[in-house]
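Values quoted throughout were computed directly from the atomic coordinates according to the rules given, and no laboratory measurement underlies them. Model, not experiment: these values are computed from the prediction. Here the Cβ positions follow ideal geometry from the backbone for every residue, glycine too, while neighbour counts run over all protein chains shown.
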There are 2 protein chains.
Amino acid sequence: MTPAAISLSGEIQELVTLADAGRLDSEDPLRSLRSRFRIPPGLVYLCGNSLGPLPLVAASRAREVIERQWAEDLIRSWNVHDWFGLPERIGARVARLIGAQPHEVVIADSTSINLFKVVKAALGLRPGRHTILSEYGNFPTNAYVLQGVARDSAGQTRSRAVAREKILASMDADTAVVVLTHVHYRDAAAFDIDAITSAAHAMGALVVWDLSHSVGAMPLDLNAADADFAIGCTYKYLNGGPGSPAFIFAAGRHHDALDPGLCGWWGHRAPFDLVEDYQPAPGMRRMLTGTASILALATLDAALEVFDGIDLAQVRAKSTRLTSAFVDLVQAKCVGFGIDVASPMDSRGRGSHVALRHPQAYSVMQALIARHVVGDFRAPDVMRFGFSPLYNGYRDVWDTVENLVTVLGGEEWRRPEFISRGRVT
Amino acid sequence: MTPAAISLSGEIQELVTLADAGRLDSEDPLRSLRSRFRIPPGLVYLCGNSLGPLPLVAASRAREVIERQWAEDLIRSWNVHDWFGLPERIGARVARLIGAQPHEVVIADSTSINLFKVVKAALGLRPGRHTILSEYGNFPTNAYVLQGVARDSAGQTRSRAVAREKILASMDADTAVVVLTHVHYRDAAAFDIDAITSAAHAMGALVVWDLSHSVGAMPLDLNAADADFAIGCTYKYLNGGPGSPAFIFAAGRHHDALDPGLCGWWGHRAPFDLVEDYQPAPGMRRMLTGTASILALATLDAALEVFDGIDLAQVRAKSTRLTSAFVDLVQAKCVGFGIDVASPMDSRGRGSHVALRHPQAYSVMQALIARHVVGDFRAPDVMRFGFSPLYNGYRDVWDTVENLVTVLGGEEWRRPEFISRGRVT
């Protein structure tokens, strides 16, 4: 045991020496979960906030779906493997992770398309109000969707994006729906879901929460927050595979009145009756549109099995300890290297990744990747380091900072091969 | 050689005896393609118009994407495997099959969602016109999408569905866009793409063709028809796997003015700049919305390799010979069993499946399936038999009719296990 120090953020500094890393990992109650993923040996993978690694069970399920269900059972699979029910069955798995009832969540399409659907539904629930309020500068696909809705409304709807600190003050009697991303994609700053939802409701508005950067890394309790709608991505901390389909939550109290605007046969009350007129399915099923990729759905379903029996409070506790340890070590060891911590210092207001700012962030990250430490870059000057409590540990934190010190101290990032600018997603 | 007979439809009857089936199969220039699919031995699979079987190359590509790209290369795969470019690369493969330029087609989302996007784009190109015209009684997901667009338009757009024979006469100066499914999902009746497109253009309207039940089973030439838009499914004759993502075609002359209404970061001009305002990508890329399942895309990409070097005129020639042989044999052998051919008798106006009507169609199909002849059922009284020229042969036709005669002649369909009504997709 090394003596505990107090970090610059005022929290107890747990990770000071390499020995601490080993001890903290050996004491980690979630440590065994790493064996459920296939992560290349020697790789410090800190991009799980962008693309989660392969759960072993997802690989075997994909094989099963392709080589037995599709190949052998063919069209019968719709019945014998209940392919049609996958959006609801997987939705129930996600519901536990976000504090929702099992029937309040379905899996469908992409996060962008699901945002369109819940915003159209929310606008329908607030006739006479014309404004969609959102945060300026968060992940812009949401902005693009909202701008598209406004452009198509013949002046009936406007999309207004304001700075984070102006959200509360910008809600007014014309606000139909507030669309916010819970944890910011860039700096990991987290909104207070309960407080914002209450404030919006007090103003008569509804709220859509985008949980893409928080689901799976922390407990969420949408029902306790009296939340209206949520959407989110499943290929980040949920490890559903690249581009895996997204989820939609709507509170049960809204179900009977939902019209997603984007209506196809998978959302019909009786899809196999093939009748001419659209009649919405009861409940969340109406938020579905067309036939979904069964391969993508089944792989996601399997990936979520890794969460079975896991206590999300424990996940969150480990997440904050990892990110705090990283922030503390960076501050202790990177003095004078031009590094700024761009994420909130108080772990209570921070998601599960940490953003560092550096004028040569792109090249520094390339140099780190060459050293098998994989974070990512966001223009113009941010490096993101995602810590997934399911497979990252304290040794990952230690190794990352050691490599960062080497890269910055030796100016390794100046090598020509790290300068040319590529596309990093 | 058996002497050629003249069928009831006036065409030469090629398949009269079991020996004919063997001879015709041995003479089939496409025969070897069957070996590129994994089809269970002993199964006569006639549901390729609903779910194509597994191409061997698709299984190996899915493994590659999961076990090497996702597992090993992780986030780098967006660059090193150009995941981001898959919608356009696969689009170029589909373009060859539908007579389009490579840059006129992308893969995205589902057919239903793509219909929404092209209809919104078409309405934007025809301001001042208010009517979407479609066929009553075709596959209803399209009707549901159009009804949703109309419901959301504050009275600006109406969706009008009329009987097939009234389509031409119903086009008028208020018709913005005509939405038609080329080959009917139930009876396989085919529209004349050239004639309808010309008539719509003469009236100042645009046309959206849904090619779900024709693409891959016959040559299509959208450019020659001066077509505006098309959408289609890839899990039927294209064998992309259950729920594989769909395609969108828009004629190059429309590209600069397209607004799909459903706009996300994948359709942005510079998606990785993460700027706040939506600016459409040039060309078809703007028809994309959110992140797509890479697993689903890559599997589809591989499945389409089966079409490399294949002459679609040859595919069509075999398709019409198979369906004509089936119609002729049914008419010759099922007399008195209450069977009606519900598909067009003239093969020139018929797709690649044949619909038979019988009062007990559901039970008859169940009895056939028990005999390993797999077609499907469409309420209330239709059995569909899809003949895919890539893997079905004349022996399949022969065996199907032999089993049909046995089931109908012996009233095998009356067995209790075939009576209970299940869900057949």
For a quick check, take a GNM of chain B with Cα springs below 10 Å and name the residue from B:Leu33, B:Leu211, B:Leu288 with the largest mean-square fluctuation. B:Leu33
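Counting each DSSP H run of 4 or more residues in chain B as -39500 (n - 2.57), what helix-only mean residue ellipticity at 222 nm follows after dividing by all residues, to the nearest 500 deg cm²/dmol?
Numbers: 12 runs with 136 residues, N = 425.
Value at 222 nm, helices only: -10000 deg cm²/dmol.
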Output row for A:Glu72: copy-to-copy label distances, label 7 Å along Cα→C-beta, ascending, in nanometres, one decimal, is 2.8
Copy-to-copy spacing for A:His372, label 7 Å out on the Cα-to-C-beta vector, in nm, shortest first? 5.1
Cα radius of gyration and Dmax for the stretch A:1-122 (Å): 21.4, 64
Between the stretch A:192-220 and the stretch B:117-188, how far is it from one alpha carbon centroid to the other, in angstrom? 38
Using a label point 7 Å beyond Cα on the Cα-Cβ vector, give me the inter-copy distances for B:Ala154 in nanometres, one decimal, shortest first. 0.6
May I ask for the distance between the Cα centers of the stretch A:279-342 and the stretch B:31-68, given as a whole number of Å? 34
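In chain A, what percentage of the DSSP-assigned beta bridges are antiparallel, given to the nearest 5? Could you put the intermediate results ahead of the total?
Working: 25 of 45 bridges.
Of all bridge pairs located within chain A, approximately 55 percent are antiparallel.
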Under 11 Å from the Cβ of A:Arg38, count the other residues' Cβ atoms, weight Lys and Arg +1, Asp and Glu -1, and hand me the total. +1
Whole-Hz ³J(HN,Hα) from phi, Karplus 6.51 cos²θ - 1.76 cosθ + 1.60, for the stretch B:211-218, glycine and proline x: 9, 3, 9, 10, 4, x, 10, 7
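Would you order A:Glu165, A:Glu411 from fewest to most other beta-carbon atoms within 10 Å of each residue's own beta-carbon?
Ascending Cβ contact count within 10 Å gives the list A:Glu165, A:Glu411.
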Throw me the Rg/Rh for the stretch B:243-351, computed over C-alpha atoms with Kirkwood Rh, two decimals. 1.21
Which whole-Hz ³J(HN,Hα) couplings does the stretch B:117-123 yield from phi under the Karplus relation 6.51 cos²θ - 1.76 cosθ + 1.60, θ = phi - 60°, glycine and proline marked x? 5, 6, 5, 4, 5, 5, 4
How much length would be gained if the chain were fully extended between A:Arg96 and A:Arg395, taking 0.36 nm per residue of separation minus their Cα-Cα distance, in nm to one decimal? 104.6 nm
Based only on Cα atoms, what Rg/Rh ratio does the stretch A:333-378 have, Rh being taken as Kirkwood's radius? 0.99
Rounded to whole Å and sorted largest first, list the principal axis extents of the Cα atoms in the stretch B:160-256. 41, 35, 22
Give the Rg/Rh ratio for the stretch A:284-347, taking Rg as the radius of gyration of the Cα atoms and Rh as the Kirkwood radius, to two decimals. 1.24
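For A:Val162 and A:Val405, compute 0.36 nm times the residue count separating them, minus their Cα-Cα distance, and round to one decimal in nm. Each step should come with its number before you reach the end.
Working: separation 243, 0.36 × 243 = 87.48 nm, distance 3.71 nm.
Taking A:Val162 through A:Val405 to full extension adds about 83.8 nm, to one decimal.
So how many Å³ per residue does the convex hull of the Cα atoms of chain A work out to? Mind showing how you got there, number by number?
Values: hull volume 64.2 nm³, N = 425.
So the per-residue Cα hull volume is 151 Å³.
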Once you list every other residue whose beta carbon is under 12 Å from the beta carbon of B:Asp311, what net charge do they have if Lys and Arg are +1 and Asp and Glu are -1? +2
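Find how much the distance from B:Ile419 to B:His103 grows on full extension, using 0.36 nm per residue of separation minus their present alpha carbon separation; answer in nm with one decimal.
Details: separation 316, 0.36 × 316 = 113.76 nm, distance 4.99 nm.
Length gained between B:Ile419 and B:His103: 108.8 nm.
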Largest-first principal axis extents, alpha carbons of the protein assembly as shown, Å: 97, 55, 54
Computed from the beta carbon distance with a Förster radius of 56 Å, FRET efficiency for A:Asp192 and B:Ala317 to the nearest 0.05 stands at 0.25
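Classify the stretch A:92-194 as rounded, prolate or oblate, taking a ≥ b ≥ c as the square roots of the eigenvalues of its Cα gyration tensor: rounded when a/c is under 1.5, otherwise prolate if a/b is larger than b/c and oblate if not.
On the way: a/c = 1.60, a/b = 1.23, b/c = 1.31.
Cα axes put the stretch A:92-194 in the oblate bin.
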Could you list which residues have their amide H under 5 Å from that of A:Ala161, counting only those 5 or more apart in sequence or on another chain, with H placed in the peptide plane? A:Ser134
